[in-house]
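Comments concern the structure below.
The values are calculated or read from the model by the stated rules, or taken from the named source; none is laboratory data. These numbers come from a predicted model, not from an experiment. Because the Cβ atoms are built from the backbone with ideal geometry, glycine has one as well, and the counts that use them run over all protein chains shown. Note: accessible area is taken over every heavy atom of the protein model, side chains too, but ligands, DNA and RNA are not part of it. Shrake-Rupley method; radii C 1.70, N 1.55, O 1.52, S 1.80 Å.
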Amino acid sequence: MRTGSFESMVDAFYIFKKDLIQEFKTRYALNAIILFAVVTLTAVSFSIGVISADDDILCAMFWIILFFSSMSGLSHIFVREEETHTADTLKLVTCPTAVYLGKLLFNFMLLLALEIILVPLYFGLMDFYVRHLPLFLIVLAIGSVGLAGGGTIVAAIIAKASSRGALFTVLSFPVLLPLLISGISATRIAVNARSFTEASAELQTLTAYGVVVITVSILLFEFIWNE
Amino acid sequence: MQIKAENLRKEYNGRLIFKNINLEIGDRTCIAVTGINGSGKTTLIRILANLVSPTMGKITYQSKGAEISKEKIHQYCSLVSPYLELYQDLTARENLWFLGKLKKVEKLDSKIDRLMNRFGLKGREDEAVKNYSSGMKQRLKYVFALISDPEILFVDEPRSNLDDHGIRTVYEVLEEQKKNKILIMATNEKEDLKYADRIVRIDG
């Protein structure tokens, strides 16, 4: 017999698939997020090009570009449902937990797509060299889970407001600040070729952040969604 | 199936929409909610469908004597309404497939074909919903609502945007629904009120 949580996971997968097909047809979020990243990266590389930036600045810059690029697209997942009046349709067919998990999965995949383009470009344009690549990739993956988790719940909140665009970045920043600080710190360790052990505190913080944000979001989402 | 609403009251931004609404609705019943524009007919339907919460009051849903939690009520009800939209960028079939899968509909493909045929949309399944006319969209909303054989069917303005053929099909559907299950509609049309066993008038 199917349990409630299993049903939520199955429903989340259908919602993710629906959003993916919609995105392939419109490419709204993907275009916004990738164009923002490329334009910002180009602007930064032109500005910094003449100065030789040290690794600490490059690590911070990488996460700042990642954060602001994601802000230009992550909110779309809920704003679209509210603007097209399909949120009620979704409420009539599944439970809130499935909606959050489906949207979270979509935003995570969107971030991965962004990173696939952003990382090689950043390495090339900014002369950014990571000596411990596996550690860097793990930091990026765990950080993306937290970024998607925090971004998705803030997106659900701001989708109900009238001035959505400005609110998303402003509300997300304090929520995602601990993740950014740990992400920058862990990236710095990866750049200097130190070991997994030396980055364990940052990895634990990033993992704990992701787990806490997603768990709290699942618990609170029903109240936001049904508001 | 049974719905019991006690002392429902709704306010928007401090403005009273309605108060003291008490309803007890069982199987084989059709309730029509009437009232002037802005009296809160749609709001009452949305509250009963668990899409918005009342400011005060309580709603309980029961099936076979057991109470159904609010988290599960979506499995029992469907809604057709002018404000309810389907996904415009997806085709009709994609919409019905995703929404049907989420509703755990069995033999989904054959049900889609049967209902699309019944509502005169056969051959248009693979067109994007944004290319449908308003009447076709309204028919598609009925297909979506009926695909899960709902225990409770909420209909807001049943004839909205429909031509004569569409209205006839909708009346057949309303007749079938009230025979065995629960039908709750918001309307002021005299033709629609013929189907009601009970009329709830909201005066705002």
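Structure notes:
- Between A:40, A:197, A:97, the residue with the greatest mean-square fluctuation in the GNM of chain A (Cα pairs under 10 Å linked by springs) is A:197.
- 3J(HN,Hα) from dihedral phi, the stretch A:4-10, Karplus parametrisation 6.51/-1.76/1.60, rounded to Hz, x for glycine, proline: x, 5, 5, 4, 4, 5, 5
- Top positive-direction residue, dipole computed over the stretch A:57-195 with Cβ charges, set A:67, A:190, A:153: A:190
- Average beta-carbon neighbours from other chains, 10 Å sphere, peptide B:96-103: 6
- Carbon and sulfur %, accessible surface of chain B computed with the full protein complex present, 1.4 Å: 42
- 37 °C / 0.692 mPa s Stokes-Einstein diffusion coefficient of the stretch A:45-92, Kirkwood radius on C-alpha pairs, µm²/s: 241
- Estimated at the nearest 10 Å², the accessible area of residue B:60 is 20 Å² with a 1.4 Å probe.
- Solvent accessible area, Å² - residue A:167, 1.4 Å probe, full protein context: 60
- The Cα atoms of chain B cover 48, 36, 34 Å along the three principal axes, with the biggest extent listed first.
- The amide H of residue B:200, built 1.01 Å from its N in the peptide plane, has B:32, B:33, B:34 as neighbours under 5 Å, considering only residues 5 or more places off or on other chains.
- Overall shape of the protein assembly as shown was characterised from the C-alpha gyration tensor. The equivalent ellipsoid obtained from it has semi-axes of 48, 22, 19 Å, in decreasing order.
- Summing Lys and Arg as +1 and Asp and Glu as -1 over all other residues whose Cβ lies under 10 Å from the Cβ of residue B:89 gives a net charge of +1.
- The HN-Hα couplings worked out from phi for the stretch A:202-214 by the Karplus form 6.51 cos²θ - 1.76 cosθ + 1.60 (θ = phi - 60°) are 5, 5, 5, 5, 4, 5, 4, 4, x, 5, 5, 4, 5 Hz, whole numbers, x standing for Gly and Pro.
- Gyration tensor verdict on the stretch B:77-149 (Cα atoms; rounded if a/c is under 1.5, prolate if a/b is larger than b/c, oblate otherwise): rounded
- Estimated vicinal HN-Hα couplings, Hz - the stretch A:87-103 in sequence order (Karplus 6.51, -1.76, 1.60; Gly, Pro = x): 4, 5, 4, 5, 5, 7, 10, 8, 8, x, 4, 5, 5, 4, 5, x, 5
- Centre separation in Å (Cα based) which lies between the stretch B:64-81 and the stretch A:54-130: 34
- Rg/Rh for the stretch A:1-129 stands at 1.11; both radii use Cα atoms, and Rh follows the Kirkwood definition.
- Its relative contact order, with pairs defined as Cα atoms under 8 Å and 6+ residues apart, puts the stretch B:77-149 at 48 percent.
- Calculated FRET value between residue A:116 and residue A:54, using beta carbons and R₀ = 22 Å, to 0.05: 0.25
- For the segment A:219-227, counting C-beta atoms of other chains within 10 Å of every residue's C-beta and taking the mean gives 1.
- Distance violations [Cα-Cα > 30 Å] among A:17/A:160; A:17/B:130; B:122/B:179; A:25/B:41; A:18/B:41; B:101/B:179: A:25/B:41; A:18/B:41
- Kirkwood Rh, Cα atoms: Rg over Rh of the stretch B:46-94: 1.07
- Rounded FRET efficiency, nearest 0.05, which uses the C-beta distance separating residue A:82 from residue A:27 and R0 of 25 Å: 0.80
- Legend: mean number of C-beta atoms from other chains within 10 angstrom of residue C-beta atoms, peptide B:72-79, equals 3.
- Around the amide H of residue B:156, modelled in the peptide plane, lie the amide H atoms of B:80, B:81, B:186, all under 5 Å away and 5 or more residues distant in sequence or on another chain.
- The mean sequence separation of alpha-carbon pairs under 8 Å and at least six residues apart, normalised by the residue count of chain B, gives a relative contact order of 33 percent.
- In this structure, residue B:188 and residue A:20 have a Cβ-Cβ separation that, at R0 = 25 Å, corresponds to a calculated FRET efficiency of about 0.05.
- Take the Cα radius of gyration of the stretch A:4-225 and divide it by 2.2 N^0.38 Å, N being the number of residues; the result is 1.03.
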